[in-house]
Amino acid sequence: MDFEYGAEHEAFRKEFRDWLARNLPPELCLDDPADDRVASDRETFERRRAWQATMHAAGWVAINWPTEYGGRAAGIIERVIYDEEYAASRAPVLPGHMGLNLIGPTIIQWGTDEQKRYHLPAIMRGEHVWCQGFSEPGAGSDLAALQTRAVDQGDHFVVNGQKVWTSGAHFAHWIILLARTNPDAPKHQGISCFLVPMNTPGISVRPLVLLTGHHHFNEVFFSDVVVPKANLLGPLNQGWKVSTTTLMHERHSSGARNPIGQVARLVALAKGLQRDGRSAWEDPVIRQRLAQLAIDCEVLKLTRFRNLTRMIRGEAPGPEGSILKLTGSELGTRVADAAGELLGMHALLNEPSAAVPDAPRWFNRLLAARQYTISAGTSEIQRNIIGERVLGLPKG
Ligand SMILES: Cc1cc2nc3c(=O)[nH]c(=O)nc-3n(C[C@H](O)[C@H](O)[C@H](O)COP(=O)(O)OP(=O)(O)OC[C@H]3O[C@@H](n4cnc5c(N)ncnc54)[C@H](O)[C@@H]3O)c2cc1C
């Protein structure tokens, strides 16, 4: 395998890196781009929306979208370079990331011309921020068990039901909604997908506060919500297929996480931290543990390359998608656990201290890491997929 990038790819990297260096406002930079401590803050959200608009004006959002929809039709390698440079710049996750990475591509695949014309430019500009209304109290891993109903009333549907864990619904302008339209059909066949403005009468949002004390996701209630027929995405009762497009894009983007940057930070921390009268780094058990985590991050990176190679060759995404999601998120929790042990009581402080000035970031990371083993398909579900489709084990 050739790990070198070609000259045209290096030129692309330089172009984006230089643009970020010139345009990214320093006050938006984060130590940890996945840091959700600021996700509940409206002012930061609006500043990030303005940043997305700046990026869009310069042609730096949705670069993988086709040119006819405003993208650059960038290939897989450019997208990888783009993600690498964006993360290295310490820029924050864009507020419209769900629209750009999941919902926009779903509209491109399933939307009418009118839906594409209306929604895609607004998603790119950050004018419309989206949330994903799939999970319900009784439907997560078994999403097709969802109970929210959309009843056909001639020229519109009336929606009643509840969604849960809806990330960003408290700021979102639109929701992509799965609802049951034919209760008599087998459960995967009676579902439809809708595009619904969040300010429609009858929608209410209640915050769910995370273990970290921050507000990232919500419950969303629908009470006699009128949804015009024009807002149906894809054919009636084919919502399962439509949602598969969204979930495929979600799993692909969540598999891209690699905690190697955090391991490097832990090494620096261990070198500066005094434990039992000596630097923590002098403890061979700690060094071995961090070395093992660094090795596992490297293995994860190579597995991702294997997946990308298949995609560049035009082959169907392989089982690596589930392997990446599983190992990436579990590795994230192991890195957080190692941080907890290294920091000892400092990990319990949500305040900077002289010994650990960035203690709040580690505190947050320690409590937040577990969520990635649940979102976009839990670890158990990924193990089932790997067991059944890769190892050929019988269905459990
Ligand atoms: C950070 C975060 C953000 C999220 N954002 C959104 C969002 O924006 N929109 C949205 O719609 N949803 C969102 N979700 C919800 C997410 O998709 C669900 O939490 C996930 O699919 C699991 O469903 P559940 O919580 O209902 O758990 P359940 O499906 O009830 O599972 C409970 C436990 O049982 C295990 N289990 C279930 N079925 C099996 C099986 N067949 N075999 C073995 N074990 C099994 C699970 O692994 C889990 O440990 C988010 C979740 C998180 C954590």
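The values are calculated or read from the model by the stated rules, or taken from the named source; none is laboratory data. What you see is a predicted model, and the numbers here were worked out from it, not measured in a lab. Every residue, glycine among them, receives a Cβ derived from its backbone with ideal geometry; neighbour counts consider all protein chains shown. Just the protein is used for accessible areas: all its heavy atoms, side chains included, with ligands, DNA and RNA removed. Shrake-Rupley method; radii C 1.70, N 1.55, O 1.52, S 1.80 Å.
Couple of notes before you dig in:
- In the structure shown, the pairs K163/K187; K187/K241; K116/K163 are assessed against 23 Å; a Cα-Cα span above that value is assigned to K116/K163.
- Accessible solvent surface per residue of segment 129-270, calculated while the other protein chains remain in place, 1.4 angstrom probe, Å²: 42
- Length-normalised contact order of the chain in % [C-alpha pairs under 8 Å, at least 6 apart]: 12
- Cα gyration tensor shape for segment 266-396, rounded if a/c is under 1.5, else prolate or oblate: prolate
- Among the trypsin sites (Lys or Arg not before Pro) within segment 126-191, those in coil by DSSP and having at most 16 neighbouring Cβ atoms inside 10 Å are K187.
- Cα-based shape type of segment 214-328, given that a ≥ b ≥ c are square roots of the gyration tensor eigenvalues and the cut on a/c is 1.5: oblate
- Loop-located trypsin sites (Lys or Arg not before Pro) in segment 217-319 whose Cβ has at most 12 other Cβ within 10 Å (DSSP): R313
- Qualifying lysines (Cα of each under 26 Å from Cα of K301; at least 8 residues distant if same chain): K14, K271, K325
- When a 1.4 Å probe is rolled over the protein heavy atoms, the share of accessible surface on the chain that falls to carbon and sulfur comes to 55 percent.
- FRET efficiency, L348 to A88 (Cβ-Cβ, R0 30 Å, nearest 0.05): 0.45
- Estimated inter-spin distance, S223 and A145, nm [label 7 Å along Cα→Cβ]: 2.7
- Accessible surface, 1.4 Å probe, highest first, among residues L349, L232: L349, L232
- Placing R0 at 30 angstrom, the Cβ-Cβ distance between I295 and E341 gives a FRET efficiency of 0.95 after rounding to 0.05.
- Shape call, segment 109-183: gyration tensor on alpha carbons, a/c limit 1.5: oblate
- Axis angle, to the nearest 10 degrees, between helix 113-125 and the longest C-alpha principal axis of the chain: 30 degrees.
- Alpha carbon centroid spacing (whole Å) that separates segment 320-387 from segment 251-302: 12
- Contact order for segment 167-273, expressed relative to its length and based on alpha carbon pairs under 8 Å spaced 6+ residues apart, stands at 26 percent.
- Label point 7 Å beyond Cα of D2 along Cβ direction - residues of segment 64-87 with amide nitrogen under 20 Å: 75-82
- Cα long-axis angle, helix 260-272 against the chain (0 to 90 degrees, to the nearest 10): 30
- Within segment 134-239, percent of DSSP bridges classed antiparallel, to nearest 5: 95
- Relative contact order, percent, segment 57-206 [alpha-carbon distance under 8 Å, six or more residues apart]: 16
- Length released on extending from Q109 to E127, taking residue separation times 0.36 nm less the Cα-Cα span: 4.4 nm
- Point-to-point label distance, L30-E330, nm (Cα→Cβ direction, 7 Å offset): 2.6
- Computed with a 1.4 Å probe over protein heavy atoms only, the accessible surface of segment 310-396 comes to 52 Å² per residue.
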